[in-house]
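No value in this document is a laboratory result; all are computed from the given coordinates. As the structure is a prediction and not an experimental result, all values here were calculated from the model. FYI the Cβ positions are ideal-geometry reconstructions off the backbone, even for glycines, and counts take in every protein chain you see.
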Amino acid sequence: MEISRKTFFKKLGIVVAANSIILSGCNKDDESNGSGKGSGTITLTIGSEETYFGIGGKSGSTITIDWGDGSEIEKQTLSNRWESVSVGDDFSHNYSNSSTRTITINGENIETFGFGKNNNKYISLDVSKNPKLISLVFSQTQLTSLDVSKNSKLIWLFCVENQLTSLDVSKNPALISLICWNNQLTSLDVSKNTKLTHLNCDGNQLTNLDMSKNTELTFLDCGGNKLRSLVVSKDMKLTELHCAVNQLSTSALNALFESLPTTEYGMLFIRGNPGTNSCNRSIATNKGWYVDF
């Protein structure tokens, strides 16, 4: 389903509101800036007649945008931070044709960046020169790769309905929410993301997923993959698990039930797996889980 510009940024606003408490204390040490630490550069290559994106950061910070078409470099002042309900400021530009162009955004206090499909062809994205990035949000592009190895402060990564074939988040220890459904991922290693509370990797090509190191996790949606193995831990804070429409056998499901944490009321969705009808659901229900099959 295509996300319109208005709907996309509305969704960003909802995301911000939901995470404002978590993010409000981030990067306080960096606000006194002016030191030139971290260039804060983002480059985005597109091939379309228009583009738009949202940028958030320290209120009053200055950014410049080179639209890549020879027009005057735009200079703007950011108006709000992640503590507010808005994701930040909305920027857009129209071109005379759909030739390939590279947009360069500079600003030492850029903390959030988001863009979505609106008749745009996004070809590449480089955030490696923006070490202060807290949140990166994009959807419905043709991007096949994403490098976030230099973004160690990244807390929120939302990259849905793209063409990503791999995603390395091993250098993102601060990551709390990872939403990457409907890509082409064949593997996903989140063992280094021990602060992770939400993961949605639905609709990829994963064959196994090990969440045993993610004890802070409360929500997991890994449905619509090709999972033959799903590992969780009794030490997790998990209360909702979606693993429907995978390749989990009877023994794999029973092993999953055995490793589930005990909870007052958990939601577990297992329909559409080979072992759904023959597994021992009582193992999970005895631990406080409602099993939807």
Practice prompt. Give me the distance in nm between label points sitting 7 Å out from Cα along the Cα-to-Cβ direction at Ser149 and Lys75, one decimal.
Written response: 3.6 nm
Worksheet entry | Sites Lys226 and Ser124 - FRET efficiency at Förster radius 25 Å, r taken between beta-carbons, to 0.05 | 0.30
Worksheet, complete the sentence: Quick note, region 185-293: a/c under 1.5 would make it rounded; otherwise a/b > b/c is prolate and the rest oblate (a ≥ b ≥ c, C-alpha gyration tensor); here it is oblate
Fill in: Zone residues, region 165-179, relative to Asn208, backbone N less than 18 Å from point 7 Å out along Cα-to-Cβ
167
Worksheet, complete the sentence: Contour minus Cα-Cα span, Thr165 to Asn286, at 0.36 nm per residue, comes to 39.7 nm
Practice prompt. Determine, for Glu108, Glu72, the number of other Cβ atoms within 10 Å of each Cβ, and report the residues in order from fewest to most.
Written response: Glu72, Glu108
Item to complete: Express in nm, to one decimal, how much length is gained between Ser278 and Ser96 on full extension, taking 0.36 nm for each residue of separation and deducting their alpha carbon distance.
Response: 59.5 nm
